[in-house]
Amino acid sequence: MGEYTKIDLKTYVRAEHFLHFMNEAPCEISLADDIDVTALRDACRVTGRSFYRTFLYIVSFIVNSRDEFRMTAYLSRGTYHPAVWDILHPVHNVFHEDTETYTSIFSLFDRDMDTFCSRAAEDMERAEHLSVMSIPAMGNNTFEVSCLPWRHFTSVGISHPVENCTSLAPVIVWGGFRETAGRTYLPLSVTIHHAAADGFHLARFLNEAETLSAGIAGRLLK
């Protein structure tokens with residue numbers, strides 16, 4: 001379970017933006033672009049690590065490092081107010097090739113990469129033998145992640161009902177690799193309720209994912 005901390009609208013720097021997109025113009029904002037994962041992919045190959053679980057850690061780490069990606073909304077006296085979860089855990093999917101369906105699972109986030117990746121591996125192994133669409137969610141402090149390894153994409157269409165929506169967590173999607181001029185690129189998409197974040201925050205997410213990927217690659221090869 002998680003706890004959230006209420007934000008004071010009187011001092012919140014995005015108070016006007018939050019109220020506008022919660023009450024007057026509820027909508028999502030999305031950004032997709034390629035990020036360079038050459039070093040990380042090579043490091044995972046050399047060390048025998050799972051690229052998927054390593055990158056799942058990377059996006060989860062960024063989500064848990066930024067308040068705008070851990071936001072929720074609570075209703076008080078007919079008005080939505082912002083709050084921030086102390087931690088968010090990723091909900092991700094295990095694909096079943098025989099039935100071409102998937103099972104959604106959640107993995108408990110930990111800032112230690114090895115701890116988190118071990119947990120995710122155990123969760124995925126258990127889900128491989130399930131036929132249900134999803135296992136019971138642990139709570140509201142989760143965010144959704146999807147991997148589409150079958151295709152390199154330039155955009156992802158995601159549309160969730162956002163009116164009267166209290167969950168402001170992001171939806172993160174990445175796709176298949178593209179190799180160009182000796183570099184490996186990964187398409188990465190972030191979609192979020194506009195009350196929680198703006199284009200600047202999404203661009204920073206993509207930039208940090210690229211930077212952190214290179215940094216972790218260096219650590220793995222030491």
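Of Phe95, Phe21, which has the most accessible area with a 1.4 Å probe, and how do the rest follow in descending order?
Descending order: Phe95, Phe21.
Please compute the volume of the convex hull spanned by the alpha-carbon atoms of the chain and report it per residue in Å³.
Working: hull volume 30.1 nm³, N = 222.
Cα convex hull per residue, to the nearest whole number: 136 Å³.
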(request) Putting +1 on Lys and Arg Cβ atoms and -1 on Asp and Glu Cβ atoms, find which of Ala43, Phe205, Leu186 reaches farthest to the positive end of the dipole of the chain. (result) Ala43
(message) Can you say what percent of the DSSP beta bridges in the range 92-222, counting only those with both residues inside, are antiparallel? Round to 5.
(response) 65 percent
(request) Have a look at His92, His129, His17 and tell me which one the Gaussian network model of the chain (Cα, springs below 10 Å) gives the largest fluctuation. (result) His129
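When you have a sec, figure out the Kirkwood radius of the range 118-222 from all distinct Cα pair distances and drop it here in Å to one decimal? Let's see the in-between values first.
Numbers: mean 1/r = 0.0606 Å⁻¹.
It is 16.5 Å.
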(request) For the range 5-104, state which trypsin sites (Lys or Arg not before Pro) are in a DSSP loop and have at most 13 other beta carbons lying within 10 Å of their beta carbon. (result) Lys10, Arg77
(message) Taking every pair of distinct Cα atoms and averaging 1/r, then inverting, what Kirkwood hydrodynamic radius in Å comes out for the range 1-125?
(response) 17.3 Å
(request) Springs between alpha-carbon atoms under 10 Å, Gaussian network over the chain: tell me which of His193, His20, His81 tops the mean-square fluctuations. (result) His20
(request) May I ask you to compute the full-extension gain from Ala214 to Phe177, defined as 0.36 nm times their residue separation minus their alpha-carbon distance, rounded to one decimal in nm? (result) 11.7 nm
(request) Determine how many Å³ per residue the convex hull of the Cα atoms of the range 4-47 encloses. (result) 171 Å³
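Just reorder Leu212, Leu186 by solvent-accessible area, largest first, 1.4 Å probe, all chains present. Intermediate values should be presented prior to the final figure.
Details: Leu212 40, Leu186 0 Å².
Largest to smallest exposure gives the sequence Leu212, Leu186.
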(request) Please identify every one of the trypsin sites (Lys or Arg not before Pro) in the range 84-140 that sits in a loop by DSSP and has no more than 14 other beta carbons within 10 Å of its own beta carbon. (result) Arg111
(request) Would you mind telling me the share, in percent, of accessible area of the chain contributed by carbon and sulfur at probe 1.4 angstrom? (result) 50 percent
(message) Counting other C-beta atoms within 10 Å, and keeping those with at most 13, which DSSP coil GluC sites (Glu not before Pro) do you find in the range 113-216?
(response) Glu128, Glu163
(message) Can you give me the C-alpha center-to-center distance between the range 1-62 and the range 84-124, rounded to a whole angstrom?
(response) 15 Å
(message) Taking the solvent-accessible surface of protein heavy atoms with a 1.4 Å probe, what is the per residue accessible area of the chain in Å²?
(response) 52 Å²
(request) Given the options Gly175, Gly139, Gly78, state which has the largest fluctuation in a GNM of the chain using a 10 Å cut-off (strictly under) for Cα springs. (result) Gly78
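The values are calculated or read from the model by the stated rules, or taken from the named source; none is laboratory data. Not measured: the values here are computed from a predicted model. Note that each Cβ is placed from the backbone with ideal geometry, even for glycine, and that neighbours are counted across all protein chains shown. The accessibility values were calculated without ligands, DNA or RNA, using every heavy atom of the protein model including side chains. Shrake-Rupley method; radii C 1.70, N 1.55, O 1.52, S 1.80 Å.
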